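Where a number appears in this text, it was derived from the coordinates with a stated rule and is not lab data. If you're wondering where the values come from, they're calculated on a predicted model, not measured in any experiment. We place every Cβ from the backbone using ideal geometry, glycine too, and count neighbours over all the protein chains shown.
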Amino acid sequence: MDFMTWNPALETGIEALDRQHRGLLALVNAAAPQLSRAGGADPGKVLPLLAELVDYARTHFRTEEGLMAEAGLDTRFTDRRQGSHARFADRVSALVAEANRGGAVHGEELLAFLAGWLLNHILGEDQALARQLRARAVGMDAQTAYREAAGAETAPDPGLLIQAIVALYGANAQSQQAQADQGEMLAAIAQLQALFIAHGEEQAIFKAALDALLRLTQSQYGFIADLRIGADGRRYQQCLAISNIAWDEETHRFHEEQAPQGFRFYAFDGLYAAAIGEGHPVIANDAAADPRSHPRLTAGLPPLLSFLGLPLRLGETIMGSIGLANRFGGYDQALAESLRPVTDTCA
């Protein structure tokens, strides 16, 4: 059974684009069994598939750039699209080069990247392209077409994205709830890919990631932090995104003062840093009784009832962590494992 199945929600109405999109989807499907293989992907089998995918994507990008040039689209759109094309090709080429040098092929991470990129590309960027091509075909000048056909809006509509994902993966899901959960997960990944490809600001990317994780886990609050070393040699976690819960006036004021430069956690003996120290998900469903729970870190916050800490890994290197708190019913290992596509995208 295919990993992804073509459906009408993906059509742009531009025959050449739709034909090539089907080809890209088929290549992702061809690579999916190896990338999702238990025990890790076999580089000898994955690399030729990825090389073919990159070559086909470059052919597709040339087709798009030819259509844009022929129609004389606004340079604000064409310049951004060419930059997006180059970043995708460079990202996948770098992964292939690393694997050729003997590096590991992180199959699930790569598959999540490819699926998220493809959905964002078709439902966001290429829909914006198709709208402008149609506007130019009826006589609009390039600048008017860019404005009237929303050429600046290249991120997929969230509702349409989830609808398309459920249709894409519905045949493989075991229930309506599984379809919805899978749709939410891939929508979150696609949103992050959209921000990454568009060179979004770091703050916007990690805020979107935290919002997605809170929504997916139904957690009350949380943070995403980067592991850093200060000039004095001390390690600390620099918050890239943190929930702003107006729990009282004093802590609300503290958050407003600290947010612009980012919160820092220097303690590494508590729950908030446990995932970094242990290198794997940390679950505390009775957080108040956990010896790693530090009152000084949670003072003023809503009571810490349950906590999930997730390490952010880039290969074998721990780059930071994610903390999520107060999910009704607590956290478990299956939930932590299901979040890996999003945490891999964050890393």
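Here is how the numbers come out for the structure above:
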| quantity | calculated |
| --- | --- |
| Protection proxy ranking of 113-122, 18-27, 207-216 - average other beta-carbon atoms within 10 Å, highest first | 113-122, 207-216, 18-27 |
| Potential extension, R76-S93 segment - 0.36 nm per residue separation minus Cα distance | 3.5 nm |
| Prolate/oblate/rounded call for segment 49-128, Cα gyration tensor, a/c under 1.5 rounded | prolate |
| Neighbourhood net charge (14 Å Cβ-Cβ; Lys/Arg +1, Asp/Glu -1) for Y56 | +1 |
| Computed label-point distance, nm, for sites M319 and Q203 using a 7 Å Cα→Cβ extension | 2.1 |
| Label-point gap, in nm, between V138 and Q218 - each point 7 angstrom along Cα→Cβ | 4.5 |
